[in-house]
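Data block below; observations after.
The values are calculated or read from the model by the stated rules, or taken from the named source; none is laboratory data. Source: prediction; values computed, not measured. Please note: Cβ atoms are built from the backbone with ideal geometry, for glycine as well, and neighbour counts cover all protein chains shown. Quick note on the areas: whole protein, heavy atoms, side chains included, nothing else; ligands and nucleic acids left out. Shrake-Rupley method; radii C 1.70, N 1.55, O 1.52, S 1.80 Å.
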Amino acid sequence: VINSLIKAFTHLPGIGQKSATRFAYFILEHHKQKGLELSKALKDAIENVKNCEQCRTLTTHNICEICQNEKRDNSILCVVENPSSIASIEASGVYSGKYFVLGGYLSPIDGIGIEDIGLVDLENLVNTTNVTEIILATSASMEAEVTNHYIENMFQKADIKITKIARGIPLGGDLEYTDINTIAKSLTDRN
Ligand SMILES: [Zn+2]
């Protein structure tokens, strides 16, 4: 039983055998109540959090609060890889448009194709709303570039401006690990 708990912790990103062992004993030796709270919080989140039907971010509603917010600019759509990128951009405070979460990048080598990430949903969303600018706020990986290229082609004929965040963000850097000032600047300096 202890070993399965340790193994379960090793499934988290950045957690190796050593940290996982430390977590397991931390809970079992002195913090059983905290452990139960953690397991309840996990269960509640997993059972109640779903993807927004419009932007695919994580939410407890069918449509998330940002998509529902009528004060936000419907004409600008910021495309990000994952929900945590949204949190980073929101923290920068310079963006008031809407978002779309891809949920991954195209990667033929890994068998990740158009239907595996949100490209069809993105096309439907853009075609049914009055988006005039799409900001590609993706990371700088090869897969991200391939995906951006696909999106650019997808809307080539439509009258939509496609911009990319300025690359103050280091190559391969993920948005959620980039500081807020850098994100703010890369958004205002987009081209
Ligand atoms: Zn949403």
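See the values below:
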| item | result |
| --- | --- |
| Solvent-accessible area per residue for segment 1-94 (1.4 angstrom probe, square angstrom) | 69 Å² |
| Which of Leu12, Leu102 is most accessible, then next, and so on - probe 1.4 Å | Leu12, Leu102 |
| 5 angstrom amide H check on Phe100, placed H, neighbours 5+ away | Cys78, Val79, Val80 |
| Value at 222 nm in deg cm²/dmol, rounded to 500, when DSSP H runs of n ≥ 4 in the chain each add -39,500 (n - 2.57) | -13500 deg cm²/dmol |
| Environment charge of Gly104, counting only residues whose C-beta is closer than 12 Å and scoring Lys/Arg +1, Asp/Glu -1 | -4 |
| Whole-Å distance, taken between Cα centres, linking segment 111-162 and segment 39-63 | 24 Å |
| Segment Thr129-Glu65, extension gain: residue separation times 0.36 nm, minus the distance between their alpha carbons | 21.3 nm |
| Helix axis angle, 17-30 relative to the chain longest principal axis, alpha carbon, degrees | 60 degrees |
| The chain: angle of helix 83-92 to the longest principal axis, Cα-based, in degrees nearest 10 | 70 degrees |
| For segment 61-191, size of Cβ-based charge dipole, Lys and Arg +1, Asp and Glu -1, in debye | 480 debye |
| Rounded tilt (10° steps) of 119-128 against the dominant C-alpha axis of the chain | 50 degrees |
| Segment 38-101, accessible surface, carbon-and-sulfur percent (1.4 angstrom probe) | 50 percent |
| Solvent-accessible ranking of Phe26, Phe100, largest area first, probe 1.4 Å | Phe26, Phe100 |
| Alpha-carbon radius of gyration plus Dmax, which is the widest Cα pair, for the chain in Å | 19.3, 63 |
| The chain: relative contact order in percent, alpha carbon pairs under 8 Å with at least 6 residues between | 17 percent |
